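Asker: This is the structure I have questions about; it appears just below.
The values are calculated or read from the model by the stated rules, or taken from the named source; none is laboratory data. Bear in mind that the values here come from a model prediction, so they are computed numbers and not experimental data. Ideal geometry is used to build each Cβ from the backbone, glycine not excepted, and the neighbour counts take in all protein chains shown. Surface areas here come from the heavy atoms of the whole protein model, side chains and all, with no ligands, DNA or RNA. Shrake-Rupley method; radii C 1.70, N 1.55, O 1.52, S 1.80 Å.
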Amino acid sequence: ITHIIHLAAGSHVDRSIEDPMSFVMDNVVGTTNLLLYAKKLSKEDFKLMINFSTDEVFGPAPEGVFYKEWDRYNSGNPYSASKAAAEEMCLAFQNTYQMPIINTHTMNVFGVRQHSEKFVPLLIKRIRDNETVTIHSNSQKTKAGSRFYINTDDVADAVLFLLENGTIGDKYN
């Protein structure tokens, strides 16, 4: 094994609020188990691990603010906190064991065969079935919320880019 691309995670914010421990187990313990496995690999053969975190580790961004890779975390829910903790474990293994790791902060990935609980497939289903669509807003309900989305094809392109051009130890938004 020369490369590990770690995209697995518990990722539904609402479920993380209902059951935070399952997200700790999936995201923190699961990532740590993968790091422990990677640590046993041959240092000559093992070239890189890419860990996919989330932009949610930074918390909500005020209008006009675009967080930089090393900005301070302000997790707003157990999901984002578990991803921040997993990312910190990656940094700890990188610093302690000199493991070759890159972290990313990826946002709202969507694509074919996505779980029906996610926003895009849920939105499509509700529109198809002539059901109510809920869009979150500010507390005064005067401005709709906004999100950035990235397609799975673009994520795959980003993985290839990082494999060829990424700098070990860096983070990428």
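Asker: How much FRET efficiency would the formula 1/(1 + (r/R0)^6) give for Lys141 and Val29, where r is the Cβ-Cβ distance and R0 is 35 Å, rounded to 0.05?
Answerer: Working: r = 39 Å, r/R0 = 1.11.
That pair, Lys141 with Val29, gives E of 0.35.
Asker: Can I ask one more? Of Ser146, Ser80, which has the most accessible area and how do the rest follow, probe 1.4 Å?
Answerer: On the way: Ser146 105, Ser80 0 Å².
Final ranking, largest accessible area leading: Ser146, Ser80.
Asker: Can I ask one more? With the crude spin-label approximation of a point 7 Å out along Cα→Cβ, what separation in nm comes out for Val13 versus Glu63?
Answerer: That separation, rounded to one decimal, is 1.9 nm.
Asker: Would you mind giving the average projected area, over all directions, of the Cα convex hull of the chain in nm² with one decimal? It would help to have the intermediate numbers written out before the result.
Answerer: Numbers: hull surface 45.7 nm².
Directional mean of the projected Cα hull area for the chain stands at 11.4 nm².
Asker: Taking Cα atoms, how many degrees apart are the long axis of helix 30-39 and the longest axis of the chain, rounded to 10 and kept between 0 and 90?
Answerer: Here the helix axis deviates by roughly 20 degrees.
Asker: For every helix of n ≥ 4 consecutive DSSP H residues, a contribution of -39,500 (n - 2.57) applies; sum these over the chain, divide by its total residues, and give [θ] at 222 nm rounded to the nearest 500 deg cm²/dmol. Each step should come with its number before you reach the end.
Answerer: On the way: 6 runs with 64 residues, N = 173.
The helix-only estimate for the chain comes to -11000 deg cm²/dmol at 222 nm.
Asker: Okay, moving on. Find the accessible area per residue for the chain; the probe is 1.4 Å, ligands and nucleic acids are left out, and the unit is Å².
Answerer: Values: 10830 Å² over 173 residues.
Result: 63 Å² per residue.
Asker: Quick query: amide H of Ile5 versus all other amide H atoms, modeled in the peptide plane; which residues come in under 5 Å with a sequence gap of 5 or more or a different chain?
Answerer: Ile50
Asker: Okay, moving on. Helix 78-97 against the longest principal axis of the chain: what's the angle in degrees, Cα atoms only, rounded to the nearest 10?
Answerer: 10 degrees
Asker: For Leu41 and Leu123, what does the FRET efficiency come to when R0 = 35 Å and r is the distance between their Cβ atoms, rounded to the nearest 0.05?
Answerer: 0.25
Asker: Roughly speaking, what is the stretch gain from Ser116 to Trp70, that is 0.36 nm per residue apart minus the C-alpha to C-alpha distance, in nm to one decimal?
Answerer: Result: 13.3 nm gained on full extension.
Asker: So for His136, His12, His3, His115, what's the accessible-area order with a 1.4 Å probe, most first? Mind dumping the intermediate values first?
Answerer: Numbers: His136 145, His12 35, His3 80, His115 110 Å².
From most accessible down to least: His136, His115, His3, His12.
Asker: Turning to a different aspect of this structure: Taking all protein chains in place and a 1.4 Å probe, what share, in percent, of the accessible surface of region 1-76 do carbon and sulfur account for? Walk me through the intermediate numbers first.
Answerer: Details: 2630 of 4630 Å².
About 57 percent, which is the carbon plus sulfur part of the accessible surface.
Asker: Using the Karplus curve 6.51 cos²θ - 1.76 cosθ + 1.60 with θ = phi - 60°, what ³J(HN,Hα) values do you get for each residue of region 157-164, in whole Hz, with x for Gly and Pro?
Answerer: 4, 5, 4, 4, 4, 5, 4, 8
Asker: Can you give the % of DSSP beta bridges in region 25-173 that are antiparallel, to the nearest 5? List each step's numbers first, then the result.
Answerer: Values: 1 of 11 bridges.
Once the DSSP bridges in region 25-173 are tallied, antiparallel ones form about 10 percent.
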